[in-house]
């Protein structure tokens, strides 16, 4: 089968590799759509922290936002999965440690991460082997484009929930990338008053076109302040600014990660009685994202700028925008073309 691999900083290939075989407890998925994100870009540039901590190394096969159809099952797997359209959890915990058995397998010390951590091959290929325990079934109302947006949707839903987004709440979100835009959509779907800050004219315009009206490049001034602030950027400066912007007794959610350390004065948090939450993974939010996509409360598809072939991925990482792209921040790949 064809598979995309990053072989070193700013080096990639599309190669022919052995088809995966379903081991015990595993399934084979014929991949129909894959999204690439900032984590994948950092692997391409060599900046991704796992490359420097020993949790990842080149060559590596990326792809952790995906959907497809189960075409084969291994021993011990329920036959109901055969022929089922699915997406899946990126985080694969050991299943036996305290974190896994207490429902936090996404922070298991010994976890694999599909296409990211400990060499687990990613989904940017024609086929993917994945444990059946990681699967989430997709209803017919979720097409391939939406299916490959479930993983970033799970992250964004968790950020919205951590901010306690709800009717009458003023939520400030920094960042108009995929996570910032999706978080805004989820928070708005819960009835929150969303204020979005970006710096890209195209994604600011996109945000307004999909109904996020309070979008600008500056912090808006509200008489009652912000009940929660969500940092969905990779800026090292925003975490401290968020701590100075949130209302006393409010909440800060950090989901973006900078490439260098961010410094926050904890006096701004303690004296103002602020709650701070970090979001690493979409794992606990995947089912909820599927439900909200399926019932039409959130539609992630306007965020997709283009769907390309595997042969075009290297050019995208080098900064080339696909022909006829929209304004969205997300690029999808169909491995079948």
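What follows draws every value from the coordinates through simple rules; no lab data is involved. Just so you know, these numbers come straight off a predicted model, no measurement behind them. A quick note on method: Cβ atoms are made from the backbone with ideal geometry, for glycine too, and the neighbour counts reach across all protein chains shown.
Considering the chain at the alpha-carbon level, its Rg and Dmax are found to be 19.7, 61 Å. Each 10 Å bin from zero holds the following percent of Cα-Cα pairs in the range 156-278: 15, 50, 31, 3.
Against the main long axis of the alpha-carbon atoms of the chain, helix 150-162 sits at an angle near 30°.
Residue ranges 200-213, 160-173, 318-331 sort as 160-173, 200-213, 318-331 when ordered by packing (mean number of other C-beta atoms within 10 Å per residue, highest first). Each label point was placed 7 Å from the Cα along the Cα-to-Cβ direction; for residue 16 and residue 299 their separation is 4.2 nm.
Against the main long axis of the alpha-carbon atoms of the chain, helix 178-189 sits at an angle near 60°.
For the range 211-290, pairs of C-alpha atoms spaced more than 19 angstrom apart make up 44 percent of the total.
Relative to its residue count, the range 247-306 spans a Cα convex hull of 153 Å³ per residue. Here the contact order of the chain, divided by its residue count and restricted to Cα pairs under 8 Å and six or more residues apart, works out to 18 percent.
Divide by every residue of the chain the summed helix terms, -39500 (n - 2.57) for each DSSP H run of at least 4, and state the resulting mean residue ellipticity at 222 nm, rounded to the nearest 500 deg cm²/dmol. If you can, show how the numbers build up before the last one.
Numbers: 11 runs with 81 residues, N = 337.
Per the formula, -6000 deg cm²/dmol.
Tell me, what is the percent relative contact order of the range 156-278, built from C-alpha pairs under 8 Å that lie six or more residues apart? Result for the range 156-278 is 24 percent.
Packing-based ranking of 248-257, 37-46 yields 248-257, 37-46, ordered from highest to lowest mean Cβ neighbour count within 10 Å. Peptides 56-69, 3-16 ranked from most to least packed, by the mean per-residue count of other Cβ atoms within 10 Å: 56-69, 3-16.
Kirkwood radius, the range 125-212, all distinct C-alpha pairs, inverse of mean reciprocal distance: 14.4 Å.
Listing 151, 24 from fewest to most neighbouring C-beta atoms within 10 Å gives 24, 151. The range 234-293 and the range 74-98 have Cα centres lying 31 Å from one another.
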